[in-house]
Each structure stands twice: as C-alpha cells, then as structure tokens.
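The values are calculated or read from the model by the stated rules, or taken from the named source; none is laboratory data. For clarity, every value in this text was computed on a predicted model and none was experimentally measured. Please note: Cβ atoms are built from the backbone with ideal geometry, for glycine as well, and neighbour counts cover all protein chains shown. Protein only, heavy atoms only, side chains kept; ligands, DNA and RNA dropped before computing areas. Shrake-Rupley method; radii C 1.70, N 1.55, O 1.52, S 1.80 Å.
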Amino acid sequence: MSEIGERVKKIVVEHLGVEPEKVVDSASFIDDLGADSLDTVELVMAFEEEFGCEIPDDAAETILTVGDATKFLEKNAKS
Amino acid sequence: MRRVVVTGLGMLTPLGCGVDATWARILAGDSGGKKIDTFDVSDLPSQVACYIPRGDGTGGTFNPDQWMEPKDQRKVDDFIVYAMCAAKQALDDADWHPKSDEDQFATGTMIGSGIGGLTGIAETAVLLKERGPRRVSPFFIPGRLINLASGYVSIEHGLKGPNHAVVTACSTGAHAVGDAARLIALGDAEVMVAGGAESPISRIGIAGFCAARALSTGFNETPEKASRPYDKDRDGFVMGEGAGVLVLEEYEHAKRRGAKIYAEVTGYGLSGDAFHITSPPPDGNGGFRSMSMALKRAGLVASDLDYINAHGTSTQVGDEIELGAVERLLGNAASKVSMSSTKSATGHLLGAAGAIEAIFAILAIRDNVVPPTINLDNPSVQTAIDLVPHTSRKRDVNVALSNSFGFGGTNASVIVQRVTN
C-alpha cells in the first residue's frame, strides 16, 4: 500500500473504530465498515485536514470506498 | 393512578463509578473536592471542583471505554458518556433488557441535563472563528443537544417508548424522575429510564458560574472543605459532574416479573418562584409550595417525613431560605426529621443533582441510614432539624423527600417511600 494509502487507512481505523485488516481498498465505508452518512462527512473532513487539501462536495460524493479515497488523495494531496 | 416503583439504580459521581462505590464514600463522610487541574484556572476566582475519579474501571473508578465505544465518545460531550454509564448500570440492576416489540414500546427514556454540551459548543465556536465553517463536525449538533443523552441511551438499549428530556437547570434530575413517574402512572409507559447528566467542569463553565457569583472562592487550597452547606463560612457551591439514572416501573409490572423493588415514588410537587433568575424569594415560598404539593400528592403530612435530602448547595442565601421553608413545612415535627445536603460531598452536579439525590434518598430508606452534611462545623443558624453534621447516622427512614431548585425559579420535590402492600 502507498504511503498515502497507509495514512488513509489509519484515519479510517481511528474514526470508524474498525479492525485494521478490514480496511482494504475495496471496502465501502457504509456497506462494509459500518459508517453512516454523518461518519462519511467527518471522514472527508479528516482527509482534508490530514492531506491539506479541499475535497469539494461533488468529489466527496464519489468517494465511497477506501480505494476511492486513496486514489483521490494521491492526485490532490498537498501535505 | 397506577403506582410507580424504583427497580434499578445507576450513578457516576465524584465519589465513584457505581451506586455502591458512591454510597460507601458518602456514608464514610468523604469529599469529592479537588483542585482544578484540567485547564488553566490562574485567572479564575474559583479553582475547585468535584471530578469523577477516572481510571481503569476498578476500585470505583470510571473508565469511559467500558460504557461507550471510543469512536462514539469522540462525537459527543461527556454528559452523554456519563448518561450511558449510569443508564446501563440502572438497566442491569433492574435486570430489564426489553427485546420484544411490546416490551420495547413500553419502555421510555427521560434523561435531562442542565446545560448539555457546553464544552463542545465553546470549542467549536473557537474552531469556527479561527478556521471557518468547513471544519465544523457533522457531530457537533447531535453531540451537544441535551436530549441526545436520552437518544443515545434509547438506541443502545432498544427503548422505543416515550423519548423525552428535561431541561430545568438544577431541578432537571428531580423533574425527570417526577415527570417519568407521571408517564407511567398515566399509562404512557410501563418502564422509564429517568435521570440527569452533566459535564460542566470546563473553563467556560467555571467562568460563567463565577460571573454569576455562584461558586465557592475561599477554599482554593482546601478543596475538600469548599462545599459546606449551612456552615457559617460557606461561600458558594462547588461544581460537580456525573449522572444519575433510575429505572422506574409500574408496580404490578415489577411484581409480575419478580423485580427487586427499592421504593415507591409517591409524591411529586412542582412550582415556580416568578421572582428572580438566580435567587429564590426570601420567604422560600416556591420551595415550600413544591414540598407541600409533593406531600399532598403522596397523601402524607409533614410529620410523616423521616429524611429530607436538601437542595442545600452551600450558597450564602439559598441554604437558609430552603431551611426556613422546610421549618415552616415541618412545624412541630422539625425535631424528628433529619435533613442533609449530600452536595457537601459530591459538589453540585446541576442537572444530574436531583437524580443522584433521589437515589441517595432511596438508599437511605433501603439501609435505614442518613448520609451526612460534611464540613458543617458551625451552623449559621440554629434549627431543631437534625442536619446530620459530619457523620452518617443509623435511624429509621421510611419516607424521604428530595428537593431541587433551579435558576429561573423552578422547584421540584420528589417523595420516595418504603413499599408497603
């Protein structure tokens, strides 16, 4: 997993309180990791904070899995 | 009206996590007073508070992870975590874990708070100003709202009956117990999980109550002496934190399932002072009327009372006004009644106070013992009423009344009695 992927995973584990081994690229935040709609909003905020970038609402709507987040952040991360 | 009994108790107080842990230290005359060490108090006149003892969960300490998932704790202010802790204790104690639709629909929740998520509101206001609205968490609102204590508890335990929350400042806990008992008496629920929770020990909380001149300021180096109701040196209340929750249940429902019954809630009185936002009227007529109403509702007279758990916050004005109202209520019976303020030991838990103090009144009945008013070295007035100075005392207690009076001139009195068939 990429360095960004590792940081994404750490945030997801911390915020959703899930086992690290469940946080794989294909895992859906809502369907596989038990997040609700508010959790996903907070996750996106945590990604913005960690990676120093803004994730606009229309982009946030396309981030449904761990892999989606990693892919987006590999392109847009500023820190 | 249907009869309402108490079948479960839960508490988290500055004297410990759990009813037994707290009660043992109350009876031993311990104080929960500590120097504030969780934020800067160098510029605050009051520097003492009664903290919950945090630890690994053994020895009466509070380990929040045992009561709420860490990921959920992050989303809410502490008063909700405290409510989760006390509610689980109470439901376990009552052995009431509704699973069927019928049982879940018949079980409601009424856990209030005086202020709710003060700390989270203050921190988020700073965040908003410094970093803008995009940094405000989606959990900001649902983690601060007062009724979310009831909300989280109901979700955790599948309680689908009335879902309600009281907000009447320092009367909250007493109103929750009284109002929840009414819902059962009127048939809106068979079981209610009722009480209060509060987490006000923060810089903004202390600053606010200091500004209102409500807190003790003269005992910053001797925090265990700061809460001293009725003593001539008292100079304000000491902030506490925690939660108290009771399982209230319709009497026949409790008997049918063989539940342990602690006591019956027989009396409840409410009144308003319509006088001043923070001070009671000098004649204490609001408190007098709430106590009188509670007696009338219970079908009792003042001389039937054995124990009164006073509001007694350790403020200059309030303690003597309440005492005067109680003397007027009791008349010639004053010398047979014991009245103590357990706030001398716990500090003032604001919206949780009425709930933990109703529990103390119930335990006084269970154990035939009255808890002490600690630090009462020199009473500021003479009274025929036994104020139980310093040490607890064994005596018969069959009928107990608990008073709670709040900012806004809101008064509540709850009467609990030993159950008789």
Q.
Would you confirm whether or not region B:115-130 contains a residue that is farther than 29 Å from B:D37 by Cα and hydroxyl-bearing (S, T, Y)?
A. no
Q.
Could you list, ordered by first residue, the pairs with Cβ atoms under 7 Å in which the first is in region A:24-47 and at positive phi and the second is open to solvent by less than 20 Å² (accessible area, probe 1.4 Å), at least 6 apart or interchain?
A. A:G34/A:L16
Q) Residues of region B:1-35 being open to solvent by 10 Å² or more (accessible area, probe 1.4 Å) and aliphatic (A, V, I, L, M), which ones? A) B:M1, B:V19, B:A21, B:A24, B:L27, B:A28
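Can you pull out every residue in region B:381-403 that is hydroxyl-bearing (S, T, Y) and either over 24 Å from B:L349 (Cα atoms) or in a strand (DSSP E or B) (or both)?
The first filter runs over region B:381-403 and keeps only residues hydroxyl-bearing (S, T, Y), leaving B:383, B:391-392, B:402.
Listed by number, the residues that qualify are B:T383, B:S402.
Please verify whether region B:298-308 includes one or more residues that are touching a Phe, Trp or Tyr at 6+ places or on another chain (Cβ under 7 Å) and of a type outside the set (A, V, I, L, M, F, W, C). Can you show your working first?
Step one: of region B:298-308, the residues touching a Phe, Trp or Tyr at 6+ places or on another chain (Cβ under 7 Å) are none.
Looking for residues that are touching a Phe, Trp or Tyr at 6+ places or on another chain (Cβ under 7 Å) and of a type outside the set (A, V, I, L, M, F, W, C), one finds none in region B:298-308, hence no.
List the helices (runs of 4 or more DSSP H) that sit entirely inside region B:199-312 and contain at least 3 residues that are open to solvent by 20 Å² or more (accessible area, probe 1.4 Å) and of a type in the set (K, R). Talk me through it step by step, then tell me what you get.
On the way: elements: B:203-211, B:251-256, B:285-298.
Output list reads B:285-298.
Condition first: within 14 Å of chain A (Cβ to nearest Cβ), aliphatic (A, V, I, L, M) and out of contact with any helix residue (DSSP H, G or I) (no Cβ under 7 Å at 6 or more places or on another chain). Can you find one or more residues in region B:168-190 that meet it?
Pass one, region B:168-190, residues within 14 Å of chain A (Cβ to nearest Cβ): none.
Checked region B:168-190: no residue is within 14 Å of chain A (Cβ to nearest Cβ), aliphatic (A, V, I, L, M) and out of contact with any helix residue (DSSP H, G or I) (no Cβ under 7 Å at 6 or more places or on another chain).
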Q) If we keep just the residues of region A:21-60 that are within 24 Å of B:R74 (Cα to Cα), among the charged types (D, E, K, R) and under 12 Å from the mean Cα position of the chain (by Cα), which is farthest from the other protein chains (Cβ to nearest Cβ)? A) A:E50
Q.
Looking at region B:159-182, can you tell me whether even one residue there is surrounded by fewer than 16 Cβ atoms within 10 Å (Cβ to Cβ) and among the aliphatic types (A, V, I, L, M)?
A. no
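Name the residue, out of B:E156, B:E102, that is without any contact (Cβ under 8 Å) to a residue 40 or more places away in the chain and either within 14 Å of another protein chain (Cβ to nearest Cβ) or part of a helix (DSSP H, G or I) (or both).
Working: B:E156 fails: without any contact (Cβ under 8 Å) to a residue 40 or more places away in the chain.
None of the other options fit; the residue is B:E102.
Does B:L387 satisfy the criteria of being open to solvent by 10 Å² or more (accessible area, probe 1.4 Å) and among the hydrophobic types (A, V, I, L, M, F, W, C)? Reasoning before the result, please.
Working: open to solvent by 10 Å² or more (accessible area, probe 1.4 Å): yes; among the hydrophobic types (A, V, I, L, M, F, W, C): yes.
Judged against the criteria, B:L387 is a match.
Determine whether region B:128-144 contains at least one residue that is in a loop (DSSP other than H, G, I, E, B), without any contact (Cβ under 8 Å) to a residue 60 or more places away in the chain, within 18 Å of B:G351 (Cα to Cα) and away from chain A (no Cβ under 13 Å). Even if it seems obvious, please write down each step before you answer.
So in region B:128-144, the residues in a loop (DSSP other than H, G, I, E, B) come out as B:132, B:136-144.
Add one more test, that the residue is without any contact (Cβ under 8 Å) to a residue 60 or more places away in the chain, and what stays is B:132, B:136, B:138, B:140-141.
Filter once more, keeping what is within 18 Å of B:G351 (Cα to Cα): none.
No; the residues of region B:128-144 include none that is in a loop (DSSP other than H, G, I, E, B), without any contact (Cβ under 8 Å) to a residue 60 or more places away in the chain, within 18 Å of B:G351 (Cα to Cα) and away from chain A (no Cβ under 13 Å).
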Q) Across region B:40-54, what is the total count of residues that are in a loop (DSSP other than H, G, I, E, B) and exposed (fewer than 13 other Cβ atoms within 10 Å of the Cβ)? A) 3
Q. Looking at region B:356-370, which of its residues are open to solvent by 10 Å² or more (accessible area, probe 1.4 Å) and charged (D, E, K, R)?
A. B:R366, B:D367
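Can we say B:A412 is out of contact with any strand residue (DSSP E or B) (no Cβ under 9 Å at 6 or more places or on another chain) and among the aliphatic types (A, V, I, L, M)?
Working: out of contact with any strand residue (DSSP E or B) (no Cβ under 9 Å at 6 or more places or on another chain): no; among the aliphatic types (A, V, I, L, M): yes.
So B:A412 does not fit the description; no.
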Q.
Residue under question is B:L148, and the condition is that it be open to solvent by less than 40 Å² (accessible area, probe 1.4 Å) and either within 14 Å of chain A (Cβ to nearest Cβ) or touching a residue at least 60 places away in the same chain (Cβ under 8 Å) (or both); does it hold?
A. yes
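So which residues in region B:68-80 are part of a helix (DSSP H, G or I) and either within 14 Å of chain A (Cβ to nearest Cβ) or crowded, with 24+ Cβ neighbours inside 10 Å (or both)?
Looking only at region B:68-80, we keep the residues that are part of a helix (DSSP H, G or I), and these are B:70-73, B:78-80.
Residues satisfying the conditions are B:P70, B:K71, B:D72, B:Q73, B:F79, B:I80.
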Q. Here is a list of conditions, (1) open to solvent by less than 10 Å² (accessible area, probe 1.4 Å); (2) over 21 Å from B:I261 (Cα atoms), and B:V397 meets all of them except one; can you say which number that is?
A. (2)
Q) If we keep just the residues of region A:1-17 that are of a type outside the set (S, T, Y) and over 13 Å from the mean Cα position of the chain (by Cα), which is farthest from the other protein chains (Cβ to nearest Cβ)? A) A:E3
